[in-house]
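Novice: Have a look at this one.
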Amino acid sequence: MLTHTPPKGPYTDCQTALDLGQVGEPCSGITACSRTLEPCCTEKLECAGIITSYTRSCDDCQPCAGDAMCAEQTLCLSNRCEPCPRVTHTCPMCPNGLVPFDRNGCSTCDCAPPSSCPSCTPGGTCAPSAYCASGCVGPGCCVEQCSVPGCDGPNPEGCSTDCDGVSCPGSCVATGCTCAGPGWSCTPKCLPGAELFTARCKH
């Protein structure tokens, strides 16, 4: 989970400014900074009392069509395998029942249901579920959940569902999903605040 918060005072060294600085924030004693972000990106920043520009160029990164084509701690962004995005702020807390969504070893501010793979029953396999990272393409972008042969489609754990008698001021999500071939049988759970995240689900 992203937990760093930019310092309140002005940035006074290039490393901190490049790590955390955002355009419009105060800086002092620096005018321009640049560095190579391994393995293939360049970051540049200019400052005149405030940060006036920040750019990140990753044109030399390898092409990709999804995170599965990228090494650990790199993401497929704009069809290039880029190093993890900068940590510049604290993410909002995830709604109860969801956890921070790590994507290919990179922290994101997305939230997701925890994976059930560590407790798969005999005969079950770990497979990409219907719940996937925002703006991500490919099976490596989806939370892995238990699956079994004979069930149509990916496991919908964490996706929006009808409340079916559950009193709820917000939305309900599917929990405890098991294969009831050919479909999935899930228990609805009231999870206010999850609406922003259930849009991650493939239908």
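Please treat every number below as a calculation from the coordinates, not as lab data. Since this is a predicted model, take the numbers as computed values, not measurements. Please note: Cβ atoms are built from the backbone with ideal geometry, for glycine as well, and neighbour counts cover all protein chains shown.
Novice: Count charges around Y11 for me, please; just the other residues with Cβ under 10 Å from its Cβ, Lys/Arg as +1, Asp/Glu as -1.
Specialist: So the environment of Y11 carries a net charge of -3.
Novice: Among (1) 31, 21, 16; (2) 40, 21, 12; (3) 35, 24, 14, which one is semi-axes √(5λ) of the Cα gyration tensor in Å computed from these coordinates?
Specialist: (2)
Novice: Can you work out ³J(HN,Hα) from phi for every residue in the range 180-188, in order, using Karplus 6.51 cos²θ - 1.76 cosθ + 1.60 and θ = phi - 60°, giving whole Hz and x for Gly and Pro?
Specialist: So the J values, rounded to whole Hz, are 10, x, x, x, 10, 10, 10, 9, x.
Novice: With each label point set 7 Å from Cα along the Cα-Cβ vector, what nm distance links C190 and T90?
Specialist: Calculated label separation equals 2.9 nm.
Novice: Moving to a separate point now. Calculated from DSSP H runs of 4 or more alone, at -39500 (n - 2.57) each and per residue, what is the 222 nm mean residue ellipticity of the chain, nearest 500? List each step's numbers first, then the result.
Specialist: Numbers: 2 runs with 11 residues, N = 203.
Using -39500 (n - 2.57) per qualifying helix, the result is -1000 deg cm²/dmol.
Novice: When the Karplus curve 6.51 cos²θ - 1.76 cosθ + 1.60 is applied with θ = phi - 60°, which whole-Hz ³J(HN,Hα) does each residue of the range 152-161 get, with x for Gly and Pro?
Specialist: Taking θ as phi minus 60°, the curve returns 6, x, x, 4, x, 3, x, 8, 5, 8 Hz for the range 152-161.
Novice: Here is a further query. Please report D152, D110, D13 as a ranked list, fewest other C-beta atoms within 10 angstrom at the top and most at the bottom.
Specialist: Values: D152 9, D110 21, D13 13.
With the sparsest Cβ surroundings first, the list reads D152, D13, D110.
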